[in-house]
Amino acid sequence: MSGAEAASDQSVCGEYNGGKQWETVLLQDEIRQRERELVSLRLQLNAVASIMRLPDELLLEVFYLYLAWWRATYGHDGFFPSYSSKIRGHHGWVLITHVCHHWRTVALSASLLWTDIKINRQSLAYAFLARSKQAPLNIQCRIVLKDVTKNSRKFQTVKAALAQSHRIRSLLFQYSSLDPETGDPTLASPELGRYEFPQLRDLTLWLDGGYDTTLPAFIARGSFPKLRTLETRMYNLSNLGKIARAPHLTRIKLTAFNGRRALTWMAFFQFFAALPQLEVLILMEGLPRVRTMLNEQILELPTAFLAQLSSNTCRFP
């Protein structure tokens, strides 16, 4: 075959392939157009359903009631849900936004639906933060020492949530100080930045493994003008002084708050004497040993209506 014939054949092939590509583009455009038409027809079909006759405000009230029921029924699966509870977990109610376009639009417009955030799945947490807009937040998060040392995506997500500290109303922060290689507790405290908590009312701090770990820096540096409830586990009482000075703190629950450093009754009395406004005091496994007790010392809590003390190492005179 001569060079001219070969060039002619290539030209024909090029025109053929070019024509086929153009035809493919046209067909893809036609498919997209038909898909848009199908979506429009489905929206019209949904619009005639009885449930669609509800005003958006009433439909939203139904969503709020459903959310409350869901949280009460399935919202306590912890941070490690089993396979069977993945759909039924803390955020499983989100499936209502997959029912139809209208339901999703109404739900996404309601910032109060998206304020309870348990940081398990990072992408979901970011979506909740965005959809909650400026509404008050209830945050639950758990990180381990490896998250801190590796600066993991979960650690970054927790920092992003704490960056909204100005609107956090409730915070549960759980931290494992166990070294992943040795299994021994460390004294490392996660560095998450410095934040103010002007709206925080309920604070829960849980430590997994070890005693005497200092408070997370973002807590130790913060201020809590509206804090009402404090619950801690495994944090030494001596580290809680700044939080305890919150002017509206009325409820305290402390578990295993003595640590390796022997807590004296003098320190114990001094801590709680500064909290005359307490209404509820629950102390579990941390009271000083009886040999250090000051029998003449009296702790007065004039506004308290509930006091619960539990210890395996102490009897009361």
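The values are calculated or read from the model by the stated rules, or taken from the named source; none is laboratory data. Bear in mind that the values here come from a model prediction, so they are computed numbers and not experimental data. Quick reminder, even Gly has a Cβ in these numbers, built from the backbone with ideal geometry, and neighbours come from all protein chains shown.
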(request) Run down 118, 150, 133 and say which single residue is over 24 Å from residue 65 (Cα atoms), among the basic types (Lys, Arg) and at pLDDT below 95. (result) 150
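Does residue 110 satisfy being at negative phi, at pLDDT 85 or above and surrounded by 13 or more Cβ atoms within 10 Å (Cβ to Cβ)?
For residue 110, the condition - at negative phi, at pLDDT 85 or above and surrounded by 13 or more Cβ atoms within 10 Å (Cβ to Cβ) - is met.
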(request) Consider only pairs whose beta carbons are under 8 Å apart and that are at least six residues apart or on different chains; among these, list those whose first residue lies in region 92-110 and is small (Gly, Ala, Ser) and whose second residue is surrounded by 18 or more Cβ atoms within 10 Å (Cβ to Cβ). (result) 92/70; 107/63; 107/96; 107/113; 110/63
(message) Among (1) among the charged types (D, E, K, R); (2) within 11 Å of the chain's Cα centre (by Cα); (3) crowded, with 17+ Cβ neighbours inside 10 Å, there is one condition residue 121 misses while meeting the rest; what is its number?
(response) (3)
